Amino acid sequence: MNTLKAEKRSMDVKAKKLRREGYVTGNLFGREIEGSLPIQMTKKAVDQLLKTDNKGSQVMLEVDGKTYDALIKEVDYNAMANRVDEMDFQALVSTEKHSVAEIVLLNHEKVEAGVLQEDLEEISYKALPADLLDKVQVDVGEMKIGDVIKVKDLEIAKNPNIDLKTDPEAVVVSCTAVHNSVPEPETAEEAE
């Protein structure tokens, strides 16, 4: 698990000024934190972390010498400036169970007939920190027209330590026939 160093942020300094100085602002919230804790991290540290972790990942967040076991809850990416502006974290309690796993489709290039329709991008579930997942990989390479993969078909649904919050009957991905009908070109006689 990666560690991200952060420091408490003084609310006297505007976020825009901090961003110009190379910082990413954010908040840490959780059951044992009153309100939320405004924090700032160096852009370099955040960029390094985001090479391996993303929304839903579990990280160790070190704020002024105190370490929190936390989930990355939100990453606000500013595409115009090509940088992360803000990151929010949720401090975990070791007996608490909650998370979201991102669905990642594998081998979609192998689907020869039909079009894949992804209906679900993430799965909500509860689990102890030891069982937390940030990604659920779904191999769609063998799918044919008419095939449907539901939440209950995934590995995450078979884990007895994970309590799904997303409906097990919800469709994750389906393979449908291509419906592009090309209109018949008009003949010269019809056009007159």
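Values computed for the structure shown
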item	result
Count of region 1-60 residues which are closer than 24 Å to GLU122 by Cα and either in contact (Cβ under 8 Å) with a residue 60 or more places away in the chain or assigned to a loop (DSSP other than H, G, I, E, B) (or both)	17
Residue list for region 129-155, filter: aliphatic (A, V, I, L, M), assigned to a helix (DSSP H, G or I) and at pLDDT 90 or above	VAL151
Selected residue (only one of LYS165, LYS126 is surrounded by 14 or more Cβ atoms within 10 Å (Cβ to Cβ), at pLDDT below 90, touching a His at 6+ places or on another chain (Cβ under 9 Å) and basic (Lys, Arg))	LYS126
Selection within region 58-75 - more than 15 Å from the chain's Cα centre (by Cα) and either exposed (fewer than 12 other Cβ atoms within 10 Å of the Cβ) or not β-branched (Val, Ile, Thr) (or both)	MET60, LEU61, GLU62, ASP64, GLY65, LYS66, THR67, TYR68, ASP69
Any pair with Cβ under 6 angstrom, 6 or more apart, that starts in region 105-123 at a residue that is within 15 Å of MET143 (Cα to Cα) and ends at one that is exposed (fewer than 11 other Cβ atoms within 10 Å of the Cβ)	GLY114/ALA177; VAL115/VAL178
Pairs, first on the phi < 0 side of the Ramachandran plot in region 164-184, second modelled with pLDDT under 65 and surrounded by 15 or more Cβ atoms within 10 Å (Cβ to Cβ), C-beta under 9 Å, six or more apart	none
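The values are calculated or read from the model by the stated rules, or taken from the named source; none is laboratory data. Not measured: the values here are computed from a predicted model. Cβ coordinates were reconstructed from backbone atoms using ideal geometry, including for glycine residues, and neighbour counts include every protein chain displayed.
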